[in-house]
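Structure record follows, encoded as structure tokens.
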Amino acid sequence: MNQSDEIRRLGIERPQGGTPTKVILITESGYLILVKSFTDDLSWQVQRQNQRREVSEMQEKRLKRWMKELLSSKGLNPENYHYIRHTSEELVIIHRYSTKPRVIRLEV
């Protein structure tokens with residue numbers, strides 16, 4: 001980015017004051033692609049965080065699919081409920097217009 005008015009609007013300043021004449025912005029996904037080739041400790045830390053996030057997102061998708069199937073089988077609209085937690089014995093959800101959690105017992 002080399003337009004000083006755009007840089008100023010983003011609030012980017014030099015440590016010694018003033019607006020830089022040019023700024024290179026890297027998106028999170030672009031940074032993650034770059035650090036794959038790095039071998040320093042920070043790069044490995046970023047890669048581990050990224051991997052944990054990807055695994056967490058996959059688990060969340062799987063859980064949502066499982067939860068939607070269960071709620072539908074109970075005659076409930078899955079779009080109206082938010083996941084709170086679950087154990088092997090129960091699923092705790094809350095209706096989007098309620099403050100009271102609902103517990104669904106799971107068959108073990």
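What follows draws every value from the coordinates through simple rules; no lab data is involved. Just so it is clear, the model here is predicted, and its values are computed rather than measured. In this analysis, Cβ positions are derived from the backbone assuming ideal geometry, glycine residues included, and neighbour counts consider all displayed protein chains.
One table, with the values for the structure above:
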{"quantity": "Extension gain, L25 back to K68 (0.36 nm per residue minus Cα-Cα distance, nm)", "calculated": "11.5 nm"}
{"quantity": "Length added when fully stretched, S37-R102, from 0.36 nm per residue minus Cα-Cα", "calculated": "18.7 nm"}
{"quantity": "Cβ charges +1 (Lys, Arg) and -1 (Asp, Glu), total dipole of the chain, debye", "calculated": "340 debye"}
{"quantity": "Tilt relative to the chain, helix 41-73 - C-alpha long axis, 0 to 90 degrees, to 10", "calculated": "30 degrees"}
{"quantity": "DSSP loop trypsin sites (Lys or Arg not before Pro) with at most 16 other Cβ within 10 Å: longest gap in the chain", "calculated": "37-73"}
{"quantity": "Per-residue Cβ neighbour rank within 10 angstrom, fewest leading, L91, L42", "calculated": "L42, L91"}
{"quantity": "Qualifying chymotrypsin sites (Phe, Trp or Tyr not before Pro) for the range 28-108 [loop in DSSP, other Cβ within 10 Å: at most 12]", "calculated": "F38, Y97"}
{"quantity": "Segment Q51-I84, length gained on full extension (0.36 nm per residue, minus Cα span)", "calculated": "9.5 nm"}
{"quantity": "Relative counts (whole %) of C-alpha pair distances in the chain, using bins that are 10 Å wide", "calculated": "11, 25, 17, 19, 19, 8, 1"}
{"quantity": "Unit charges at the beta carbon, dipole of the chain: most positive-side option, P78, I7, V46", "calculated": "P78"}
